[in-house]
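*Asks:* Okay, handing you the structure first.
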Amino acid sequence: MERNLKNVLVISFGFLLLFTAYGGLQSLQSSLHSEEGLGVASLSVVYAALILSSMFLPPILIKKLGCKWTIAGSMCCYIAFSLGNFYASWYTLIPTSVILGLGGAPLWSAKCTYLTIAGNSYAEKAGKNGKDIINQYFGVFFLIFQSSGIWGNLISSLIFSQASNKAEISEENLACCGAYDCMTDTTNTTSSAEPSNSLIYTLLGIYTVSGVLAVLLIVVFLDQIKPDQAETEKEILETPSFCSTFLATFQHLKDKRQCLLIPLTMYSGFEQGFLSGDYTKTYVTCALGIHYVGYVMICFSSVNSLCSLLFGKISQFTGRKLLFALAAVTNTACIIALLLWKPHPKQLAVFFVFPALWGLSDAIWQTQTNGLYGILFEKHKEAAFANYRLWESFGFVIAFGYSTKLQVYIKLYILLSVLVLSMVRYGVVEYLEAKSSPGTPTATKKENVGPLTEETDT
């Protein structure tokens, strides 16, 4: 096997092991630690720390430690979060959430840097186009990585389904499920749905081992960057400089189109935060039990991955406007239905319809918004995508931040309002683009979209 491809596979399977654990834990936070909103508070802290990490840490750590050891060290931050869940409290989970958030940005930056260097190195030896090889490497990475959402949630559901206390949930408790939840700590952790400590520790043990294996895989099998590649790494890290990038992120807000796109970018964080923080807790765990959360999120992840691939290919025929309209209509229909629906165990199929439709919409938001940024701000991509990560992370922080303070129906109205505002302002952007350059094609290209999309998932 060619050496650079071997390194790509090592990184890919390392991330698969790591995010099998983190993805499963993220889906369960609001249900496992509902007391005083500890679970969703920890997720809010993760994304707040990620914002700070994105601004300061990646260039410094990669330059000092190199890509291999930055990846290994950042993975240890994720293991710390798994360990914090063993004895979850405000004094253990919040500090480990900060550690995870700080490690998130260096992890993804080091991964992107390593794959870029590996791609250019092989292209130079083989006499091929560097951009083509890099895209192939990223394709291999995301093909393997994106399945982590399936495995992590499958593990949690299989373990929690072994619970011996899965009694029927009473109609009185079911009345507290859905949009008009009762806002109590026990709403979603009734005795019939709460797994035993032994099952929780078993799950956390598997997740922790998975994270440790990821670190060992990187440390043992990932090659250091060769000396003749040092200049390539230096160029990636120093062009442009950290200070200029930091300033450019905020200077980019002078562009009217960037300001108009802020609600749309934040909505991506809002809608993902609602599904993983509120839908899993107030609908699924409350009415079915926590052992169904994994199955529901597998449905979301599977549809999301397939639709990301599908829409990336058909966008060249449909154009981005039609796809954005499809996502908006689908999300609006889901929000209205969630406002009206009273979840009940007898309606099992319905619990999977919503994440499937949500996955379809999210696939469009992720691929097309990234593509839109790449097309509109082609000359200022770095500053533009820094703003993308910044505002989407703010969306996550806000969504998780108010999760325990408001009833679900209020959050759904907020979600709908942000969606309407996003579409209106997006329409203005399209109008300005059509007015300034009538001949510019609107079809969305999906070049280099994948890594930028996943980077926001810590």
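The values are calculated or read from the model by the stated rules, or taken from the named source; none is laboratory data. This is a predicted model, so every value here is computed, not measured. FYI the Cβ positions are ideal-geometry reconstructions off the backbone, even for glycines, and counts take in every protein chain you see. The accessibility values were calculated without ligands, DNA or RNA, using every heavy atom of the protein model including side chains. Shrake-Rupley method; radii C 1.70, N 1.55, O 1.52, S 1.80 Å.
*Asks:* What single numbered condition from (1) at pLDDT 80 or above; (2) within 26 Å of residue 60 (Cα to Cα); (3) open to solvent by 70 Å² or more (accessible area, probe 1.4 Å) fails to hold for residue 180?
*Replies:* Of (1) at pLDDT 80 or above; (2) within 26 Å of residue 60 (Cα to Cα); (3) open to solvent by 70 Å² or more (accessible area, probe 1.4 Å), only one is false for residue 180: (2).
*Asks:* If you don't mind, another one. Can you tell me which condition residue 203 does not meet? The list is (1) open to solvent by 20 Å² or more (accessible area, probe 1.4 Å); (2) outside any loop (DSSP other than H, G, I, E, B); (3) at pLDDT 65 or above, and all the others hold.
*Replies:* (1)
*Asks:* So, in segment 292-311, of the ones that are open to solvent by 20 Å² or more (accessible area, probe 1.4 Å), of a type outside the set (Gly, Ala, Ser) and modelled with pLDDT under 85, which residue ends up farthest from residue 150 (Cα to Cα)?
*Replies:* Only one residue tops the list, namely 310.
*Asks:* On the given criteria, is residue 39 farther than 23 Å from residue 216 by Cβ, over 16 Å from the mean Cα position of the chain (by Cα), open to solvent by less than 10 Å² (accessible area, probe 1.4 Å) and not acidic (Asp, Glu)?
*Replies:* Considered against the rule, which asks whether it is farther than 23 Å from residue 216 by Cβ, over 16 Å from the mean Cα position of the chain (by Cα), open to solvent by less than 10 Å² (accessible area, probe 1.4 Å) and not acidic (Asp, Glu), residue 39 comes out as yes.
*Asks:* Does residue 314 fit the bill of being surrounded by fewer than 23 Cβ atoms within 10 Å (Cβ to Cβ) and in contact with a Gly (Cβ under 8 Å, 6 or more places away or on another chain)?
*Replies:* No; evaluated as a whole, the condition is false for this residue.
*Asks:* Please pick out the residue among 220, 215 that is more than 17 Å from residue 294 (Cβ to Cβ), open to solvent by 40 Å² or more (accessible area, probe 1.4 Å) and modelled with pLDDT of 85 or more.
*Replies:* Just one listed residue meets the conditions, 220.
*Asks:* While we're on this one: Can you spot a residue in segment 115-127 that is within 22 Å of the chain's Cα centre (by Cα) and either of a type outside the set (Gly, Ala, Ser) or over 23 Å from residue 214 (Cβ atoms) (or both)?
*Replies:* The answer is yes; a qualifying residue exists.
*Asks:* I've got another one for you. For residue 123, all conditions in the list (1) assigned to a helix (DSSP H, G or I); (2) open to solvent by 10 Å² or more (accessible area, probe 1.4 Å); (3) closer than 30 Å to residue 2 by Cβ; (4) without any contact (Cβ under 8 Å) to a residue 24 or more places away in the chain hold save one; what is the number of the exception?
*Replies:* (2)
*Asks:* Continuing with this model, one more query. So if I check each of 144, 99, 134, which one is in contact with a Cys (Cβ under 6 Å, 6 or more places away or on another chain), assigned to a helix (DSSP H, G or I), open to solvent by 20 Å² or more (accessible area, probe 1.4 Å) and β-branched (Val, Ile, Thr)?
*Replies:* Testing whether each residue is in contact with a Cys (Cβ under 6 Å, 6 or more places away or on another chain), assigned to a helix (DSSP H, G or I), open to solvent by 20 Å² or more (accessible area, probe 1.4 Å) and β-branched (Val, Ile, Thr) leaves just 99.
*Asks:* Just give me the residues in segment 49-71 being over 25 Å from residue 150 (Cα atoms), at pLDDT 90 or above and under 22 Å from the mean Cα position of the chain (by Cα), in sequence order.
*Replies:* 49, 70
*Asks:* Based on what the data block shows, is residue 393 of a type outside the set (D, E, K, R), in a helix (DSSP H, G or I) and either within 16 Å of residue 256 (Cβ to Cβ) or open to solvent by 10 Å² or more (accessible area, probe 1.4 Å) (or both)?
*Replies:* Criteria not met by residue 393.
*Asks:* Among what's in segment 396-440 and is surrounded by fewer than 19 Cβ atoms within 10 Å (Cβ to Cβ) and among the aromatic types (Phe, Trp, Tyr), pick the residue that is farthest from the chain's Cα centre (by Cα).
*Replies:* Per the criteria, the residue is 431.
*Asks:* From the list 85, 153, which residue is in contact with a Leu (Cβ under 6 Å, 6 or more places away or on another chain), open to solvent by less than 50 Å² (accessible area, probe 1.4 Å) and not aliphatic (A, V, I, L, M)?
*Replies:* 85
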